[in-house]
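Comments concern the structure below.
The values are calculated or read from the model by the stated rules, or taken from the named source; none is laboratory data. Predicted model, so just to flag it, every value in this text is computed and none were measured. Neighbour counts are summed over all protein chains in view; Cβ atoms, including those assigned to glycine, are modelled from backbone coordinates with ideal geometry.
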Amino acid sequence: MREAKTSATTGKAIVRMRGLSKSFGDNVAFHPHDLDIQEGEFLALLGPSGCGKTTLLKMIGGFLAPTTGTIEISGEDVTRYGPEKRRTNLVFQGYGLFPHMTVRQNVAYGLKLAQTPKKQMDEKTDRMLSLVHLDGYENRMPQALSGGQAQRVALARALVMEPTVLLMDECLSALDLQLRKEMQDELRTIHAALGGTYVFVTHDQNEAMSLATRIAVMKDGNIVQQGSAKDIYENPASRFVAGFVGEANMIKGRRAGGQIHAPDLQCAVTSDGVDCDITIVIRPDVIEFANPELQYDFAMLGTVQSKTYFGSHLSYDVDLDHGRTIKLTQTLSPADSTPEVGQQLRIGWNADRCKILEAE
Amino acid sequence: MQDQKTKILLAPAALVFTGLFVVPLSYFFVISFWRIRLYKLVQDFSFSNYVSVFQEYMHAAVFTFFISLTIAIVTTFLAFAIAYLVRFKAGRFGPFILYIAMVTMFGGYLVKIYAWKTILGTNGILNSAMLWVGMIDEPLSWLLYSPVAVVLTLLHFLLPLALLPLVGALNSITDDPILVARDLGATGYRTLVDIILPQCQPGIVSAFALSFFISAGDYVTPRLVGGPDTFMVGNFIESQFVNRLNAPLGAALAFSTLTICLIALALFRILLSRSLAPK
């Protein structure tokens, strides 16, 4: 998992949303929220389909008028402005290339509309095409491009406008894994090179973690948690976030009198806090095959049920004796012994590496 | 094996095409170089029919050309406006509008002609209404039996036909490029000219060609509502075949008209694609 880059933000909110919401009839697509986007930030709106992330993006871009609330961009109230009047540009999920224009005409179209002088327009277009590695493809028609190339044209066409905020709607989701990774690297490079504020929508937690300086996790029209990838991964605020961002083992239990009791746990652990139902969230990489010489806060006996090889690490499903399955991953180093399927062994983890969620 | 099968499967279509299109057209093309002597067809190879077309019917050809061009342009323009409404503005009423337009086709061609006679006639609805309102003191006689009546009648007949290729063309345009254009700062007009129109060129050409060719070949409308001064080429072709029994001259007239129409269509296509080409 890539560590979120420390953001080059200046701490100045370039987009300021207040009480923003959107309803379609009785259906609330996005509940009222205040949200600021800092200048220079790379913000991911992460959530499952139907969570309202695209609705929010389209409101920022001016494609949807909010039901309530206001949006300010660079200090100007743009709530009632359409996309043509906002200095935002959106890269669509389907790219939306102009099929009757060449790559160059596609990229230059916005500049032409802005009546940029010819020389300047050509320079900017050339620079942008080479930035996205499309030199030599200027005169191709969109239907003669691969998915990755089409994606780059769409990106270049938006970037050439030097938008105050660049918006991207699941724009990598149509690419295969290899290409998606490449494009993620490139997006990061471009963001570092050009600066600017980027907001992108994704349902892919890996993509959000690898690109974003801040992630806003969304569910049912709400932003349920915001923070860096590390914050969210290590301190999920809810079972939903824990399950959606990264893999997690979740064990239900109850805290009473400073003691945790969980039917699935073979041990009792102390925990401070009020008496309530709790969920223990344990990331698979936190759990180890117990080293007999070490003490663990949580330790239990299990049987290896399956073992999957991922190159850099192994992933195991370990059955606890009463049927509960725990996922754990083991980073490989040559010295490690790797347990086999069917082997019985102890697993363990420490309390400071897991997260205890109080009942929701 | 596969080739054999494909050929067999294509045979009926090829047969129909040959029997109904290729053979008759070739036949009339050949006899357009023949002559009539004593009411009988005589084999020949002479351009005399084409010479008489040029000498005697040029005025009709020019008139037909301009009236058909007017009808085709107006029809295509209006059909595009309706198709645009159906595709972009009418929302869920779009299919309903289209349905209504299609239903009028069931009315038939002659019914529409008679409908316009009752609307435009001296005692027709339009004149009566204008008299009643006091816009005019006596009925306008030039409404019916004039080129205007021909244009209106054919426009009414052709509009649903021209609508179909345009709705098809507009429906095949996806929303994303249109939204992108707006996002890049395009006004509604620029989006129409730069993004929408270039993508529905084939539909525009089809709509134009349909209305242009049908108008240019029509002879019933001009006869019934066109009046004594509105003789179109179709009327002359018909009379060569039916009254004068001079099929060679009729054929020559038909092929001359067809050639002019095809040239006009080619020019229209070129002009359209030039003016809509992205710069």
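Test each condition in (1) within 28 Å of residue A:189 (Cα to Cα); (2) away from chain B (no Cβ under 14 Å) for residue A:32 and report the one that comes out false. Of everything listed in (1) within 28 Å of residue A:189 (Cα to Cα); (2) away from chain B (no Cβ under 14 Å), residue A:32 misses just condition (1). Taking the criterion of being surrounded by 24 or more Cβ atoms within 10 Å (Cβ to Cβ) and more than 7 Å from every other protein chain (Cβ to nearest Cβ), the residues of the range A:98-110 that qualify are A:103, A:106, A:107, A:108. Within the range B:144-182, the set of residues being away from chain A (no Cβ under 14 Å), hydroxyl-bearing (Ser, Thr, Tyr) and out of contact with any Pro (no Cβ under 8 Å at 6 or more places or on another chain) comprises B:146, B:153. Scanning the range B:66-84 for residues that are surrounded by 19 or more Cβ atoms within 10 Å (Cβ to Cβ), under 11 Å from residue B:232 (Cβ atoms) and not aliphatic (A, V, I, L, M) yields a count of 1. Taking the range B:259-268 as the range and being over 16 Å from residue B:62 (Cα atoms) and surrounded by 16 or more Cβ atoms within 10 Å (Cβ to Cβ) as the test, only B:268 passes. Summed over the range B:183-214, residues that are out of contact with any Pro (no Cβ under 8 Å at 6 or more places or on another chain) and charged (D, E, K, R) total 1. Total residues in the range B:244-258 satisfying the condition of being surrounded by fewer than 22 Cβ atoms within 10 Å (Cβ to Cβ) and either more than 15 Å from the chain's Cα centre (by Cα) or of a type in the set (D, E, K, R) (or both): the figure is 6. Reported count of residues in the range A:73-92, each being more than 11 Å from chain B (Cβ to nearest Cβ), of a type in the set (A, V, I, L, M, F, W, C) and touching a residue at least 24 places away in the same chain (Cβ under 8 Å), is 1. In summary, residue B:208 fulfils each of the numbered conditions (1) of a type in the set (Phe, Trp, Tyr); (2) under 16 Å from residue B:72 (Cβ atoms); (3) within 14 Å of chain A (Cβ to nearest Cβ) with the single exception of condition (3). As for the range A:57-66, it holds at least one residue that is touching a residue at least 60 places away in the same chain (Cβ under 8 Å), under 18 Å from residue B:185 (Cα atoms) and in contact with a helix residue (DSSP H, G or I) (Cβ under 7 Å, 6 or more places away or on another chain). In summary, helices (runs of 4 or more DSSP H) completely within the range A:93-208 and bearing 3 or more residues that are in contact (Cβ under 8 Å) with a residue 40 or more places away in the chain occur at A:103-113, A:147-159, A:177-194.
Taken over the range B:134-147, residues that are buried (at least 16 other Cβ atoms within 10 Å of the Cβ) and without any contact (Cβ under 8 Å) to a residue 60 or more places away in the chain amount to 3. Whenever a residue of the range A:261-273 is in the same structural domain as residue A:351 (by TED's automatic domain parsing) and under 12 Å from residue A:299 (Cα atoms), its partners that are modelled with pLDDT of 75 or more and of a type in the set (S, T, N, Q), lying with C-beta atoms within less than 6 angstrom and at least six residues away or across chains, give the pairs A:268/A:259. Among the residues making up the range B:1-58, those that are touching a residue at least 24 places away in the same chain (Cβ under 8 Å), more than 17 Å from residue B:257 (Cα to Cα) and surrounded by 10 or more Cβ atoms within 10 Å (Cβ to Cβ) are B:34, B:35, B:36, B:41. Of everything listed in (1) closer than 28 Å to residue A:219 by Cβ; (2) of a type outside the set (Ser, Thr, Tyr); (3) touching a Ser or Thr at 6+ places or on another chain (Cβ under 6 Å); (4) modelled with pLDDT under 85, the single unmet condition for residue A:264 is (3). Of all the residues that make up the range B:240-279, how many are touching a Phe, Trp or Tyr at 6+ places or on another chain (Cβ under 9 Å), among the small types (Gly, Ala, Ser) and within 14 Å of chain A (Cβ to nearest Cβ)? Looking only at that region, the number is 0.
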